[in-house]
Amino acid sequence: MTTQIKSIEEYKEHYQRSIENPEKYWEEQARHFYWYEPFERVCEWNFTEPSVKWFLGGKTNITVNCIDRHLATKANQKAIIWEANMPDEEVVSLTYQELHDEVCKCANGLKEIGVQKGDRVVFYMPMVPELAIGVLACARIGAVHSVVFAGFSAQALADRVDDAQANVIICSDFNNRGMKCIPVKQVVDDAMDISCNSVKNVIVYRNTGEEINWSDDTDIDWADLMEKQEPICEPEIMDSEDLLFILYTSGSTGKPKGVVHTVGGYMVYTCYSFKNVFQYKEGDVYWCTADIGWITGHSYIVYGPLLAGATTMMYEGVPTCPDAGRFWAICEKHRVNQFYTAPTAIRALMAQGNEWPGKYDLSSLKVLGSVGEPINEEAWHWYDQYIGKGKAPIVDTWWQTETGGIMLSPLPGITDTKPTYASYPLPGIQPVLVDNEGNLKEGNNVEGLLCIKHPWPSMIRTTYGDHERCKSVYFSLFKNMYFTGDGARRDDQGRIRVIGRVDDVINVSGHRMGTAEVENAINEHPNVIESAVVGYPHDIKGQGIYAFVITQDKELDLEFKDEICAVVRKEIGPIAKPDKIQFTSGLPKTRSGKIMRRILRKIACNEMDQLGDISTLLNPDIVKELIQNRNK
Ligand code: WT7
């Protein structure tokens with residue numbers, strides 16, 4: 001399926017063709033998939049409504065392309081290899097035939113409890129094969145999956161379940177994360193107590209088998225449900241533009257929004273980008289360390305690799321357990337060929353010392369990927385030298401939940417690499433840089449806001465239940481362009497470097513956080529009057545969370561800070577916990593009452609010389625206090 005570009009000449013030729021005649025280009029990429037009925041039109045779009053449709057009239061089922069069509073040649077090839085939390089636990093693998101059977105059984109089980117095409121199923125699971133099986137089972141029967149990262153709190157889970165109006169939650173009993181064992185089912189029970197009124201059933205996969213609370217009215221044991229099912233399930237015939245999944249992500253305002261992806265375009269683009277960016281070859285073992293709770297896991301653990309007929313690894317645990325050599329031990333053990341991780345993990349492991357990778361045979365590695373945040377130069381070189389031994393090209397892949405797949409990346413062995421540059425667009429992708437007014441910044445050596453001017457198959461279709469929000473966030477700022485929220489620069493060779501968000505979104509350890517969301521959580525504390533959150537550079541996390549807090553009637557001590565962190569953990573989860581809290585008597589505001597975040601950012605980043613003009617503030621005196629009490 002889909003092309004694999006093999007040389008720089010081919011890349012240039014493809015790129016040219018994809019720009020001159022996008023419809024023809026994507027028609028070629030799409031026609032090799034299995035379609036029950038071929039598509040009648042390649043693309044219909046306008047960025048005003050917005051309305052984007054790909055492969056119109058085409059009927060397919062993504063699981064047929066992920067699984068069934070490989071059975072003729074790859075029934076006994078491993079589809080998924082699972083490495084457990086602790087190194088001495090047994091490896092589990094599923095061949096394409098076994099994956100087929102498990103997905104069909106699960107699909108039949110979901111049908112038995114009444115799940116139908118279009119229904120939403122929320123997952124709150126650890127990184128075990130059953131998560132991939134469950135997700136694919138939904139796709140098999142046309143149910144819409146929404147995976148919620150299992151680090152989110154009960155409140156955050158409930159918010160997502162309510163927004164998606166899910167009928168079913170699938171969870172585990174407990175999650176193993178390094179030395180910790182997390183009571184997942186309890187979190188689901190708590191979410192059900194908060195709200196989740198749409199949920200009829202909770203399916204529980206017994207991961208550890210430890211005792212849990214059980215409600216006979218709603219709870220179903222995964223094993224009981226699966227046991228009696230046939231390993232054959234007729235795939236639901238899906239329209240290209242039927243919903244495949246919803247994935248919640250943070251924005252600069254309000255609650256997280258449900259990014260909607262549809263079947264046909266997502267299928268074509270994840271397969272295409274996977275094959276090209278990782279240059280996957282038959283027999284290779286590919287490993288992406290992301291969690292399926294994020295888009296990276298959806299596109300490049302489950303769908304992309306399986307569509308391409310690859311062997312994809314899943315790892316249950318954390319990078320540093322039992323020690324900082326675990327990732328490299330896994331690479332050695334499974335002879336991993338393509339390894340894909342986040343800069344935050346690289347920095348954390350780098351900080352543990354250069355000796356760790358030296359203990360393992362990493363000679364199988366051919367391609368190293370990076371994703372989720374800008375990779376700093378030091379981490380890039382360490383990755384190149386200590387992991388790739390200078391022989392495995394680094395693909396710094398830039399993309400977003402909304403883009404569905406990788407947009408900018410070097411092609412390993414084909415285009416050049418340059419530290420901190422995501423470099424070149426994949427064929428079919430038309431990035432542009434614009435100024436604040438939307439004027440194109442053409443030519444090289446320029447900086448601007450990163451936009452995409454032509455649709456691509458896996459782009460966001462809508463934000464679930466709120467199309468206006470999709471329009472205002474991505475398509476209203478600049479006419480006829482998709483706005484990414486990122487700032488970028490183009491170098492003298494036309495390579496693109498993504499610098500970071502230009503909106504009120506921060507990137508903490510590769511996780512996207514809305515500052516407003518964190519502020520709303522902090523404000524839940526009864527003694528907090530107002531707060532403002534900004535990002536600041538953090539050695540390991542990329543960005544840390546810095547909170548300025550106005551309080552009343554309470555002693556400003558460490559205990560109070562702990563309480564604030566506890567509220568955030570309860571409202572969102574531990575990933576949103578502030579790294580630094582500064583109590584203050586006020587916040588810098590404009591005469592119209594708006595918080596001047598620019599000033600707070602400079603204070604948090606210790607860039608006092610760049611505060612700019614503060615004389616127009618309503619309360620310029622506050623700046624002195626803020627600087628004086630800065631939390632170092
Ligand atoms: C934001 C999207 C899609 C993968 C996981 C994150 C930042 C992502 C890079 C990169 C610089 C990057 C951007 C983007 N980002 N990859 N290679 N270089 N920045 O998905 O949670 O939707 O976040 O992550 O700021 O907008 P996400």
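Tell me whether the stretch 151-169 contains one or more residues that are closer than 28 Å to His467 by Cα, in contact (Cβ under 8 Å) with a residue 40 or more places away in the chain, touching a Ser or Thr at 6+ places or on another chain (Cβ under 8 Å) and buried (at least 24 other Cβ atoms within 10 Å of the Cβ). It would help to see each step written out before you state the result.
Of the residues in the stretch 151-169, the ones closer than 28 Å to His467 by Cα are 151-169.
Cutting the leftovers down to in contact (Cβ under 8 Å) with a residue 40 or more places away in the chain gives us 151-156, 159-160, 163-169.
Filter once more, keeping what is touching a Ser or Thr at 6+ places or on another chain (Cβ under 8 Å): 160, 164-167.
Filter once more, keeping what is buried (at least 24 other Cβ atoms within 10 Å of the Cβ): 160, 166.
Yes, that holds for at least one residue.
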**OP:** May I ask you to say which residue of Tyr421, Tyr386 is aromatic (Phe, Trp, Tyr), assigned to a loop (DSSP other than H, G, I, E, B) and at pLDDT 95 or above?
**Re:** Tyr421
Original post:
Across the stretch 224-257, what is the total count of residues that are part of a loop (DSSP other than H, G, I, E, B) and aliphatic (A, V, I, L, M)?
Top reply: 2
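Tally up the residues in the stretch 284-328 that are under 18 Å from Ile5 (Cα atoms) and either in a loop (DSSP other than H, G, I, E, B) or of a type in the set (Phe, Trp, Tyr) (or both), please. Full working, then the answer.
Initial filter on the stretch 284-328 (under 18 Å from Ile5 (Cα atoms)): 284, 304-305, 307-310.
Filter once more, keeping what is either in a loop (DSSP other than H, G, I, E, B) or of a type in the set (Phe, Trp, Tyr) (or both): 284, 308-310.
The qualifying residues number 4.
With Tyr340, Tyr360 as the choices, which residue is assigned to a loop (DSSP other than H, G, I, E, B) and farther than 19 Å from Ser93 by Cα?
Criteria check complete, one pass: Tyr360.
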Original post:
In the stretch 464-491, how many are closer than 23 Å to Glu373 by Cα and polar (S, T, N, Q)?
Top reply: 1
Original post:
Could you list, in sequence order, the residues of the stretch 480-511 that are open to solvent by 30 Å² or more (accessible area, probe 1.4 Å), assigned to a strand (DSSP E or B) and more than 10 Å from the ligand (Cβ to nearest atom)?
Top reply: Arg489, Arg490
**OP:** Kindly list the number of the only condition in (1) within 13 Å of the ligand (Cβ to nearest atom); (2) assigned to a helix (DSSP H, G or I) that fails for Cys331.
**Re:** (1)
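Here is a list: Leu449, Leu477, Leu440. Which entry is open to solvent by less than 60 Å² (accessible area, probe 1.4 Å) and among the hydrophobic types (A, V, I, L, M, F, W, C)? Lay out the reasoning, then the answer.
Numbers: Leu477 fails: open to solvent by less than 60 Å² (accessible area, probe 1.4 Å); Leu440 fails: open to solvent by less than 60 Å² (accessible area, probe 1.4 Å).
Going through Leu449, Leu477, Leu440 in turn, just one is open to solvent by less than 60 Å² (accessible area, probe 1.4 Å) and among the hydrophobic types (A, V, I, L, M, F, W, C): Leu449.
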Original post:
Of the residues in the stretch 320-337, how many are over 29 Å from Ile506 (Cβ atoms), open to solvent by less than 50 Å² (accessible area, probe 1.4 Å) and touching a residue at least 40 places away in the same chain (Cβ under 8 Å)?
Top reply: 7
**OP:** Report, by residue number, each residue of the stretch 617-628 that is open to solvent by 80 Å² or more (accessible area, probe 1.4 Å) and either of a type in the set (Ser, Thr, Tyr) or touching a residue at least 12 places away in the same chain (Cβ under 8 Å) (or both).
**Re:** Leu618
**OP:** Taking only the stretch 434-479 into account, find how many residues are part of a strand (DSSP E or B) and touching a residue at least 60 places away in the same chain (Cβ under 8 Å).
**Re:** 2
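Does the stretch 65-80 hold any residues that are open to solvent by 10 Å² or more (accessible area, probe 1.4 Å), under 23 Å from Tyr300 (Cα atoms) and among the hydrophobic types (A, V, I, L, M, F, W, C), and which are they? Lay out the reasoning, then the answer.
Of the residues in the stretch 65-80, the ones open to solvent by 10 Å² or more (accessible area, probe 1.4 Å) are 68-78.
The next check asks that each one be under 23 Å from Tyr300 (Cα atoms); those that pass are 68-71, 73-78.
Listed by number, the residues that qualify are Leu71, Ala75.
Just for the stretch 388-437: of the residues that are acidic (Asp, Glu) and open to solvent by less than 20 Å² (accessible area, probe 1.4 Å), which one is nearest to the chain's Cα centre (by Cα)?
Going residue by residue through the stretch 388-437, those that are acidic (Asp, Glu) are 396, 402, 416, 435, 437.
Now drop any that are not open to solvent by less than 20 Å² (accessible area, probe 1.4 Å), which leaves 396, 402.
Numbers: Asp396: 15, Glu402: 9 Å.
Looking at the filtered set, the residue picked out is Glu402.
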Subject >> Selection within the stretch 596-628 - assigned to a helix (DSSP H, G or I) and hydrophobic (A, V, I, L, M, F, W, C) >> reply: Ile599, Leu600, Ile603, Ala604, Met608, Ile622, Val623, Leu626, Ile627
Original post:
Does the stretch 260-279 contain at least one residue that is within 16 Å of the ligand (Cβ to nearest atom), not hydroxyl-bearing (Ser, Thr, Tyr) and not in a helix (DSSP H, G or I)?
Top reply: yes
**OP:** Run down Asp224, Asp190 and say which single residue is open to solvent by 50 Å² or more (accessible area, probe 1.4 Å) and either without any contact (Cβ under 8 Å) to a residue 12 or more places away in the chain or of a type in the set (Phe, Trp, Tyr) (or both).
**Re:** Asp224
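Name every residue in the stretch 389-417 that is of a type in the set (A, V, I, L, M, F, W, C), assigned to a loop (DSSP other than H, G, I, E, B), closer than 25 Å to Asp361 by Cβ and in contact with a Gly (Cβ under 9 Å, 6 or more places away or on another chain), in order of residue number. Break it down into steps so the answer makes sense when it comes.
Residues of the stretch 389-417 that are of a type in the set (A, V, I, L, M, F, W, C), as a first pass: 392, 394-395, 398-399, 406-408, 411, 414.
Narrowing the set further to residues that are assigned to a loop (DSSP other than H, G, I, E, B) leaves 392, 399, 406-407, 411, 414.
Filter again for closer than 25 Å to Asp361 by Cβ, leaving 392.
Listed by number, the list is empty, since nothing qualifies.
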Original post:
How many residues does the stretch 394-433 hold that are farther than 20 Å from Val268 by Cα, in contact (Cβ under 8 Å) with a residue 40 or more places away in the chain, polar (S, T, N, Q) and away from the ligand (no atom under 12 Å from the Cβ)?
Top reply: 1
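On the given criteria, is Ser531 open to solvent by 50 Å² or more (accessible area, probe 1.4 Å) and not charged (D, E, K, R)?
So Ser531 does not fit the description; no.
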Subject >> Output for the stretch 119-135, where each listed residue is aliphatic (A, V, I, L, M), buried (at least 24 other Cβ atoms within 10 Å of the Cβ) and within 13 Å of Gly297 (Cβ to Cβ) >> reply: Met125, Met127, Leu131, Ala132, Val135
Original post:
Among the residues of the stretch 530-550, is any over 21 Å from the mean Cα position of the chain (by Cα) and in a helix (DSSP H, G or I)?
Top reply: no
Original post:
With Gly586, Gly593 as the choices, which residue is over 26 Å from Gly151 (Cα atoms), at pLDDT 95 or above and in a loop (DSSP other than H, G, I, E, B)?
Top reply: Gly586
Subject >> Residue satisfying all of: in the stretch 536-566; in contact with a helix residue (DSSP H, G or I) (Cβ under 8 Å, 6 or more places away or on another chain) and open to solvent by less than 10 Å² (accessible area, probe 1.4 Å); farthest from Thr584 (Cα to Cα) among these >> reply: Ile545
**OP:** Check Asn376, Asn354 and return the single one that is touching a residue at least 24 places away in the same chain (Cβ under 8 Å), open to solvent by 10 Å² or more (accessible area, probe 1.4 Å) and away from the ligand (no atom under 16 Å from the Cβ).
**Re:** Asn354
Original post:
Any residue in the stretch 230-245 that is within 16 Å of the ligand (Cβ to nearest atom), open to solvent by less than 10 Å² (accessible area, probe 1.4 Å) and touching a Cys at 6+ places or on another chain (Cβ under 9 Å)?
Top reply: yes
Subject >> Hits in the stretch 517-535 - residues which are in contact (Cβ under 8 Å) with a residue 40 or more places away in the chain, of a type outside the set (S, T, N, Q) and away from the ligand (no atom under 16 Å from the Cβ) >> reply: Ala521, Ile522, Glu524, His525, Glu530, Ala532, Val533
Subject >> Every pair of residues 6+ apart whose Cβ atoms lie under 8 Å, when the first sits in the stretch 495-516 and is within 20 Å of Ile572 (Cα to Cα) while the second is near the ligand (Cβ under 9 Å from one of its atoms) and open to solvent by 30 Å² or more (accessible area, probe 1.4 Å) >> reply: Val505/Arg512; Ile506/Arg512; Asn507/Gly372; Asn507/Arg501; Gly510/Gly372; His511/Trp294; His511/Gly372; Met513/Asn507
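The values are calculated or read from the model by the stated rules, or taken from the named source; none is laboratory data. Fair warning: this is a prediction, and the values are worked out from it, not measured in the lab. Reconstructed Cβ throughout: ideal geometry from the backbone, glycine too, with neighbour counts over all protein chains shown. Side chains included, ligands, DNA and RNA excluded: accessible areas come from the protein's heavy atoms. Shrake-Rupley method; radii C 1.70, N 1.55, O 1.52, S 1.80 Å.
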